[in-house]
Amino acid sequence: MKKLISIVIPAHNEEENIVVIVSRIEQVFDALSYNYEIIVVDDGGSDGTLNVVQQIAANDPRVFYIELSRNFGHQSALKAGLDRAHGDCVISLDADLQHPPELFVEMIQKWEEGYDVVYTRREEDPTLPASKRKTSRYFYQLLNALSETEIEQGTADFRLMDAKVVQIFRGFTENDLFIRGMVKWLGFKQFAIDYMPSKRFAGASKYNLRKMRKLAVQGVTSLSVKPLHMAVYLGFFISCLSLLYIPYVIYAYFFTKHVNGWASIIVTVAFFGGLQLVILGIIGIYIGKMFMQGKNRPTYIIRSTNIK
Ligand code: UDP
Ligand code: MG
């Protein structure tokens with residue numbers, strides 16, 4: 001009996017890419033002796049992505065679609081696919097062909113060698129605009145500086161997971177998803193493969209600066225409470241500084257010709273005002289997360305699917 005490999009592809013307005021990626025995947029599997037299924041998750045797009053997948057699925061029993069009820073975002077769409085995959089392992093990749101399906105061969109080989117998670121590291125693409133490369137580098141630096149789970153530069157959601165890992169992942173009830181961090185946190189035997197990303201085949205990137213910032217904040221705050229600790233340290237440090245300042249003020253009061261301290265009052269008020277707002281904001285983010293989690297809503301809602 002051949003093993004079954006599930007391929008999960010979150011897609012948001014990717015109609016021109018679907019046919020190409022499905023045929024590239026088919027080509028890869030032509031040379032391998034595995035059964036496979038392709039699950040495309042239509043993440044509430046406005047173009048013909050779903051139509052295209054449904055047409056392919058009508059003629060190919062290995063192709064499935066999951067239509068979400070609206071745009072839930074990349075991470076939730078990916079979770080929807082992982083939740084429904086049947087395979088002995090699951091490979092996730094982007095719909096835009098930046099993640100070359102040809103890498104499956106090596107990933108599957110490592111899985112057969114006994115690794116539970118085979119993730120990929122994107123090498124820096126020299127043709128990418130400098131701004132995108134920089135933001136991506138800062139993203140990982142910030143993430144690692146602010147959290148305990150080390151995430152290597154260039155790891156995206158292009159990875160293979162053994163069914164037992166997927167099974168455990170499904171049991172997570174957190175609705176604030178940062179899947180690459182969660183998978184790293186899970187442990188198991190993990191292996192990294194480096195690859196050179198291709199260019200987006202068609203359409204435009206859905207990650208603008210705002211979405212990337214959101215993912216960065218989400219990444220840090222869903223992985224760790226380190227920012228809270230740092231807020232405490234910072235507060236402590238500032239308090240110590242002010243303690244040093246008080247003797248000076250007393251000394252100045254008695255022994256120097258002191259002017260009315262307008263400037264220093266303004267400076268301290270402004271400084272502490274800002275600091276308090278920052279720290280309140282950090283606390284607020286975490287309380288917000290508890291609020292969202294407390295509502296216990298699903299991370300995605302399926303409108304239709306042909307998966308049984
Ligand atoms: N995506 C999604 N929902 C969204 C945004 C993106 O399912 O709200 C999918 C998108 O179709 C693609 C993948 O997530 O398959 C990565 O997105 P994109 O290529 O736009 O990101 P980039 O590669 O530019 O970081
Ligand atoms: Mg992309």
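The values are calculated or read from the model by the stated rules, or taken from the named source; none is laboratory data. Predicted model only: the values in this text are computed from it and were never measured. All Cβ positions, even for glycine, are placed from backbone atoms using ideal geometry, and neighbour counts span all protein chains on display.
Out of T127, T149, T155, T135, I need the residue that is surrounded by 16 or more Cβ atoms within 10 Å (Cβ to Cβ) and either within 16 Å of ligand 1 (Cβ to nearest atom) or in a helix (DSSP H, G or I) (or both). Which one? Can you show your working first?
Numbers: T127 fails: surrounded by 16 or more Cβ atoms within 10 Å (Cβ to Cβ); T149 fails: either within 16 Å of ligand 1 (Cβ to nearest atom) or in a helix (DSSP H, G or I) (or both); T135 fails: surrounded by 16 or more Cβ atoms within 10 Å (Cβ to Cβ).
That would be T155, the only listed residue that is surrounded by 16 or more Cβ atoms within 10 Å (Cβ to Cβ) and either within 16 Å of ligand 1 (Cβ to nearest atom) or in a helix (DSSP H, G or I) (or both).
Quick grid of which residues meet (1) in contact with a strand residue (DSSP E or B) (Cβ under 7 Å, 6 or more places away or on another chain); (2) at pLDDT 75 or above; (3) surrounded by 12 or more Cβ atoms within 10 Å (Cβ to Cβ):
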position: A216; (1), (2), (3): no, yes, yes
position: S239; (1), (2), (3): no, no, no
position: I246; (1), (2), (3): no, no, no
position: T268; (1), (2), (3): no, yes, yes
position: R303; (1), (2), (3): yes, yes, yes
Requested in this report: Please name all residue pairs, on different chains or six or more residues apart, with Cβ atoms under 8 Å, provided the first residue is in region 215-237 and is farther than 13 Å from I179 by Cα and the second residue is buried (at least 17 other Cβ atoms within 10 Å of the Cβ) and among the small types (G, A, S).
Outcome: S224/S147; K226/S147
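Okay, residues lined up against (1) farther than 20 Å from I301 by Cβ; (2) out of contact with any Lys or Arg (no Cβ under 6 Å at 6 or more places or on another chain); (3) of a type in the set (S, T, Y); (4) outside the structural domain of A163 (by TED's automatic domain parsing):
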{"residue": "E37", "(1), (2), (3), (4)": "yes, no, no, no"}
{"residue": "D43", "(1), (2), (3), (4)": "no, yes, no, no"}
{"residue": "A57", "(1), (2), (3), (4)": "yes, yes, no, no"}
{"residue": "L78", "(1), (2), (3), (4)": "no, yes, no, no"}
{"residue": "D94", "(1), (2), (3), (4)": "yes, yes, no, no"}
{"residue": "L103", "(1), (2), (3), (4)": "yes, yes, no, no"}
{"residue": "I108", "(1), (2), (3), (4)": "yes, yes, no, no"}
{"residue": "E113", "(1), (2), (3), (4)": "yes, yes, no, no"}
{"residue": "E123", "(1), (2), (3), (4)": "yes, yes, no, no"}
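Every residue, every condition in (1) closer than 21 Å to R303 by Cα; (2) within 26 Å of the chain's Cα centre (by Cα), yes or no:
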{"residue": "D30", "(1), (2)": "no, no"}
{"residue": "Y34", "(1), (2)": "no, no"}
{"residue": "S46", "(1), (2)": "yes, yes"}
{"residue": "Q75", "(1), (2)": "yes, yes"}
{"residue": "D83", "(1), (2)": "yes, yes"}
{"residue": "G87", "(1), (2)": "no, yes"}
{"residue": "V90", "(1), (2)": "no, yes"}
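Quick check: anything in region 59-69 within 16 Å of ligand 2 (Cβ to nearest atom) and touching a residue at least 24 places away in the same chain (Cβ under 8 Å)?
No: zero hits.
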Query raised in the report: Does S33 count as more than 16 Å from ligand 2 (Cβ to nearest atom) and either assigned to a helix (DSSP H, G or I) or over 28 Å from W185 (Cβ atoms) (or both)?
Result: yes
Requested in this report: Would you mind finding the one in K211, K199, K206 that is within 16 Å of ligand 2 (Cβ to nearest atom), farther than 23 Å from S6 by Cα and in contact with a His (Cβ under 8 Å, 6 or more places away or on another chain)?
Outcome: K206
